[in-house]
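Beneath this line is the structure, given in structure tokens, with notes to follow.
Rule-based calculations on the coordinates, nothing more; no lab input. No experiment lies behind these values; they were computed from the predicted model shown. Neighbour counts run over all protein chains shown; Cβ positions are idealised from the backbone, glycine included.
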């Protein structure tokens with residue numbers, strides 16, 4: 001079991017009111033899963049991904065990463081886990097604007113302290129796998145949305161994480177490009193065995209996933225294993 | 001490690017170019033701070049040298065006095081063989097400007113008027129000069145002869161007539177128009193001294209900072225004479241310079257404080273503008289220290305450029321000002337110590353210190369915005385709003 005969520009709650013203060021973004025969810029993510037978190041806007045998808053990705057801390061409940069309780073670990077410990085075990089893909093791509101595609105992808109390897117030769121080899125390989133070798137020297141503002149998201153996926157995967165969280169990765173792409181991005185993720189899930197958890201409200205993508213968790217008002221209302229996958 | 005450092009530098013430099021407007025504001029602020037510090041220092045240094053030269057020329061860089069100097073026996077103790085002493089001094093200090101002086105009290109009389117007065121004499125005075133106030137009190141004019149009564153070496157009364165050649169409102173030791181200045185032969189006559197006797201020998205030369213070195217050498221040659229350098233006599237001159245430094249530093253400090261506010265505000269705006277990038281970096285595993293280093297390195301780079309530009313401009317300003325010099329005479333308090341023009345001076349080591357200080361100042365005032373952003377949870381930094 002890679003990630004275990006037990007009665008996890010997350011509340012936000014919005015002015016004088018409290019928003020209950022996640023209301024006591026419990027589920028687990030196994031290694032190699034290709035899971036989608038579905039639900040309408042405001043259902044708590046992003047909050048759930050942020051909690052699983054250790055970008056945020058829960059108000060209550062327990063989050064375990066490979067059996068270790070990470071609900072209340074220090075910021076530096078969380079940073080270390082994010083650096084070594086987790087990859088992120090954002091809806092708005094979130095590439096560093098002053099770095100080229102190559103440098104953006106190489107950055108997690110630099111943060112991990114990898115040697116230059118190793119970095120170069122890995123970056124070139126992932127560029128090839130995501131089909132963006134030809135745009136390696138381009139800066140983000142010279143790339144299309146699809147290309148940017150491919151760079152973001154490559155950045156998330158380059159350091160060989162155990163799990164990649166993708167928050168609505170196709171939301172800012174046209175449907176065809178969006179589907180291509182999902183296909184790349186699916187391929188990497190199958191070939192590299194990387195666990196993917198992504199959020200979306202695009203019904204076309206629900207079918208592709210091996211598991212579908214449906215979220216409504218901060219609660220899991222459906223947890224379906226599909227396409228012959230085992231939970 | 002090399003890759004990390006290279007990436008930090010790369011990101012810092014590219015960010016400073018990408019956000020050029022904010023970089024420019026910080027660079028200008030630092031350039032202004034550097035100019036303020038360096039020009040104030042240049043003027044201060046110029047003032048110190050001008051004031052020091054002026055004061056030393058008045059009081060002597062090295063002074064010879066009789067080894068014994070009892071206040072009530074002013075006529076008893078003197079320095080003899082003045083001409084021989086001058087020769088010896090010139091062997092050690094070839095550019096020395098040597099002046100023999102005599103001071104004594106006396107009573108000066110004209111007709112039925114008499115006053116107690118201070119008599120001064122230097123070996124370059126050719127005629128009697130009387131202070132304006134003294135002249136007024138004696139009802140004396142140029143061309144009159146006044147009579148001076150004094151006490152000679154042997155305790156007897158000496159009487160010396162002196163023809164007034166001119167009057168002076170403020171001529172060297174005739175302060176506030178009082179006193180009388182005699183040719184040295186008359187002063188010697190008043191004290192009953194021989195031809196080569198003086199009360200004091202004052203030496204001035206160009207390289208005033210070598211006074212201690214010369215003093216030591218002269219003491220070896222004249223063991224029976226009390227010889228002191230200006231450093232030994234003018235111990236409170238440092239206080240005067242401290243006041244000058246304080247005035248100059250206060251002006252620079254006001255500018256530095258104003259600049260600090262602008263830098264802090266600009267850096268805060270800049271990091272908030274890049275909040276999302278910082279959140280992204282944090283989410284992919286960049287530590288708080290990494291982000292802190294990245295932003296501070298950027299500030300360091302920008303401020304270093306600003307400080308170097310400021311130094312270049314300060315150099316031009318100081319060179320222009322020192323070409324013809326400028327008078328600070330009308331600036332409050334300064335005129336007491338000054339005569340003529342002030343020539344600002346560059347002290348390279350201090351200027352280097354100003355560059356380092358300006359950069360540290362910028363980094364210091366950027367710390368709050370940087371700490372504010374790195375302390376933010378990654379999820380909050382990734383939010384589109386504050």
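Inter-chain Cβ neighbour count for A:89-102, averaged per residue, equals 4 (cutoff 10 Å, partner chain atoms only).
Relative to the dominant Cα principal axis of chain B, helix B:2-18 is inclined by about 80°. Estimated from the Cβ-Cβ distance and a Förster radius of 60 angstrom, the FRET efficiency linking residue B:107 and residue B:309 is about 0.35. Taking the longest Cα principal axis of chain A as reference, the axis of helix A:145-157 is set at about 80 degrees.
For the pair segment A:168-201 and segment B:238-264, the centres of their Cα atoms are 60 angstrom apart. By the Cα gyration tensor, segment B:62-204 has an equivalent ellipsoid whose semi-axes, rounded to whole angstrom, run 27, 17, 12 from largest to smallest. Axis of helix B:82-92 versus longest Cα principal axis of chain B: the two differ by about 30°, to the nearest ten degrees. Model label points for residue A:17 and residue B:10, set 7 angstrom from Cα along the Cα-to-Cβ axis, are 4.7 nm apart. With R₀ set to 30 Å, the beta-carbon distance separating residue B:87 from residue B:231 gives a calculated FRET efficiency near 0.75. Among A:177, A:123, the ranking by other beta carbons within 10 Å of each residue's beta carbon, starting with the fewest, stands as A:177, A:123.
Kindly state, to the nearest 0.05, the FRET efficiency for residue B:132 paired with residue B:157, given R0 = 30 Å and r defined as their beta-carbon distance. My answer for the efficiency is 0.60.
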